[in-house]
Structures are given as C-alpha cells and as structure tokens.
1. For segment A:1-71, what ratio Rg/Rh do Cα atoms give with a Kirkwood hydrodynamic radius?
2. So which GluC sites (Glu not before Pro) in segment B:25-110 end up in coil per DSSP with only 16 or fewer other C-beta atoms within 10 Å?
3. Give me the net charge of A:ALA92's neighbourhood, meaning all other residues with Cβ under 15 Å from the Cβ of A:ALA92; Lys, Arg count +1, Asp, Glu -1.
4. Could you tell me the distance between the Cα centroids of segment B:40-112 and segment A:18-66, to the nearest Å?
5. Which residues' amide hydrogens lie under 5 Å from the amide hydrogen of B:SER47, considering only partners 5 or more residues apart or on another chain, with H built in the peptide plane?
6. Mind listing the long-range amide H neighbours of B:ARG66? Cut-off is under 5 Å, sequence gap 5 or more, other chains count too, H placed in the peptide plane at 1.01 Å from N.
7. Working only with C-alpha atoms, what are the Rg and Dmax values of chain B, expressed in angstrom?
8. Dipole of chain B, Cα-centred, from +1 at each Lys and Arg C-beta and -1 at each Asp and Glu C-beta, to the nearest 20 debye?
Amino acid sequence: NAGVTQTPKFQVLKTGQSMTLQCAQDMNHEYMSWYRQDPGMGLRLIHYSVGAGITDQGEVPNGYNVSRSTTEDFPLRLLSAAPSQTSVYFCASSYAAGTGGSPLHFGNGTRLTVT
Amino acid sequence: GQNIDQPTEMTATEGAIVQINCTYQTSGFNGLFWYQQHAGEAPTFLSYNVLDGLEEKGRFSSFLSRSKGYSYLLLKELQMKDSASYLCAVSSSGYGNNRLAFGKGNQVVVIP
C-alpha cells in the first residue's frame, strides 16, 4: 500500500518556468490537498478538493493551479515560477477533510527552489 | 478566515511533562487534530478531538474546549525522540467545502 506518493522530491526552477508537482493516493480518499511549508509560517493551504471534479482555493492559491479529474490524482501546477514560491510542498489526503476524525495522510514532500 | 495560534518554541528535560497550547477561531468547526513533525519529514497524526474533554493515547493526551476555541497537547515522560514540531489543525466547513487548516507549529526541544 503506497499511501500518498509525491514526485519529484527535489526541484530547481528558474524564474518564469512552469512545472507540475504530481500527487497520487491509492486509499480511495475523497479529500486531497496541497500545502506549502515555510520557516516560521507553518503549513499553509494552497488548494484542496473534496472529490473528483471539485476544487477550491485555500489560503494562498495565487500562482498555482489544480485539477482533479480522478479520485487518485491531484496535480499542482506552477504557472510561472517566482522566488517567493521556494518552499517545501506537501500533498495530503483523507476520507473526509477531518470530519469523523479522518486524519490527513501526507506525502513525503517536494523541496522546490526557484532561482 | 480561520485563525489558529500556537506558541513557537519550548525546551524541556527528558522525563518531564510539556503542554502545548492551540487557540483557534473558525466557522463550522468539525474537529481538531494534532500532528508531530520531525525535521525534514512529513507530519504524522497524533490525536483528534471533536467533543469537549480529554483524549488519552499512551504518553500523549489532547484536550479540547469548543466554547473557548482552545486545545492543548500534553506530552508525558518526555523522550529524546519527542524533539519535533507539534502542529494543531482545525477542520471546518464554514468557508465552503470542508477543509483542514494548520497553526504555525510549536517546536519542542528535549534535552538530557
């Protein structure tokens, strides 16, 4: 059982480049989400999805796009990378966004550096 | 929007007890989670509270007061491996679909 799989683990981009962070889960979770983690800022919610075909903005959505065409996959797209997007990105999933006590399962993270 | 507040850092001695506090303001509260995160790793689930009161799981206990928007995580018999950041996260439905938002985390350093 792989759980939540995030790729790549590390990435370096130049300003203005675009890329997609991949996230897949094999637990049939309806809820999937992307967070970024910066020193002193905790985990901040970028985008989330409560099921295939449904996405919502979180606290810091600007500069990022998501789509949810299947239950398993929730890719995060950086449209035009900026140095302010240098961060550690985590994908996480759960059955129901915490209702009923369903905890988030996290991927191992992607360390992104934008130069 | 949601507002989740945690103190930033504390140091404690091996074998001691520490209490980590979390206050929150949100709409459509669905529950509060505590996670542990070691440096360079992903967070891992510790506990969940949705009703007022204390939940105990071994050396870790978590308390919730919904009326006060307050929770704490109690770590007993501290071990060196407990050196980590502790994050509280609130599940809510007041901003559209259900979502989970995190506080900034509290770094606990355990010394011999």
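1. Numbers: Rg = 13.0 Å, Rh = 13.5 Å.
Rg divided by Rh gives 0.96.
2. Numbers: sites: B:GLU41, B:GLU55, B:GLU56, B:GLU77; in loops: B:GLU41, B:GLU77.
Within segment B:25-110, the qualifying GluC sites (Glu not before Pro) (loop, at most 16 other Cβ atoms within 10 Å) are B:GLU41, B:GLU77.
3. Numbers: positive: A:ARG36, A:ARG44, A:ARG68, B:ARG99; negative: A:ASP26, A:GLU30, A:ASP56, A:GLU59, A:GLU72, A:ASP73, B:GLU41.
Value of the local net charge: -3.
4. Between the Cα centre of segment B:40-112 and that of segment A:18-66, the gap is 21 Å.
5. It is B:TRP34, by chain and number.
6. B:ASP52
7. 13.7, 47
8. Around 240 debye, computed over chain B.
Read-outs throughout are calculated quantities, based only on the coordinates presented, and are distinct from any laboratory measurement. Quantities reported herein were computed from a predicted structural model and do not represent experimental measurements. Every residue, glycine among them, receives a Cβ derived from its backbone with ideal geometry; neighbour counts consider all protein chains shown.
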